[in-house]
Amino acid sequence: MLGGTIAPLDGVGPESLRIEALVERIERGGIDELILATNPNPEGEATALYVAERVARYRVPVTRIGYGMPIGGDLEYVDPVTVRKSLENRRAYSS
């Protein structure tokens, strides 16, 4: 856990988070994949991008959790951004 997100307007920069501890863990080895699970808001997106760029040289696959429609949610209450993300993150249907 990083301990938050980068939020410059709130005075939170990368140095305020546990990003360096994550980098050190990757350097020690044994990490097969880094899955980023930040909120889909500007701070979460900026944090995910920063972390992905920070660890790029270690050649560890970096992925992001999918976003979209919640299970059990009603389509009539979903905003356009959520619908778009759901379409972008779709995968083949398997029965």
Tell me, please, whether a residue that is assigned to a loop (DSSP other than H, G, I, E, B), more than 25 Å from Glu88 (Cβ to Cβ), of a type in the set (Gly, Ala, Ser) and modelled with pLDDT under 95 can be found in the range 24-37.
yes
* Asked: Does Ala56 fit the bill of being under 10 Å from the mean Cα position of the chain (by Cα), free of Cβ contacts under 8 Å to residues at least 40 places away in the same chain and in a helix (DSSP H, G or I)?
  -> no
When (1) hydroxyl-bearing (Ser, Thr, Tyr); (2) in the same structural domain as Arg91 (by TED's automatic domain parsing); (3) surrounded by 11 or more Cβ atoms within 10 Å (Cβ to Cβ) are applied to Tyr58, the one that fails is (2)
Within the range 1-38, the residues that are among the acidic types (Asp, Glu) and under 16 Å from Val62 (Cβ atoms) are Glu27, Asp32, Glu33
Residue hits (the range 21-67; farther than 27 Å from Pro8 by Cα and small (Gly, Ala, Ser)) are Gly29, Gly30
> Quick one: would you say Glu20 is at pLDDT 95 or above, exposed (fewer than 11 other Cβ atoms within 10 Å of the Cβ), in the same structural domain as Gly3 (by TED's automatic domain parsing) and more than 15 Å from the chain's Cα centre (by Cα)?
Replying inline: no
When every residue in the range 23-53 that is without any contact (Cβ under 8 Å) to a residue 24 or more places away in the chain and touching a strand residue (DSSP E or B) at 6+ places or on another chain (Cβ under 7 Å) is compared, the one surrounded by the most Cβ atoms within 10 Å (Cβ to Cβ) is Ala48
Taking first residues from the range 66-95 that are surrounded by 10 or more Cβ atoms within 10 Å (Cβ to Cβ) and second residues anywhere that are assigned to a helix (DSSP H, G or I), the pairs with Cβ under 7 Å that are 6 or more apart or on different chains are Tyr67/Lys85; Gly68/Thr82; Gly68/Lys85; Gly68/Ser86; Met69/Thr82; Met69/Ser86
Scanning the range 65-89 for residues that are outside any loop (DSSP other than H, G, I, E, B) and among the aromatic types (Phe, Trp, Tyr) gives Tyr77
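The values are calculated or read from the model by the stated rules, or taken from the named source; none is laboratory data. On a predicted model such as this, the values are computed, not experimentally measured, just so you know. Positions of Cβ are backbone-derived with ideal geometry, glycine not excepted, and every protein chain shown enters the neighbour counts.
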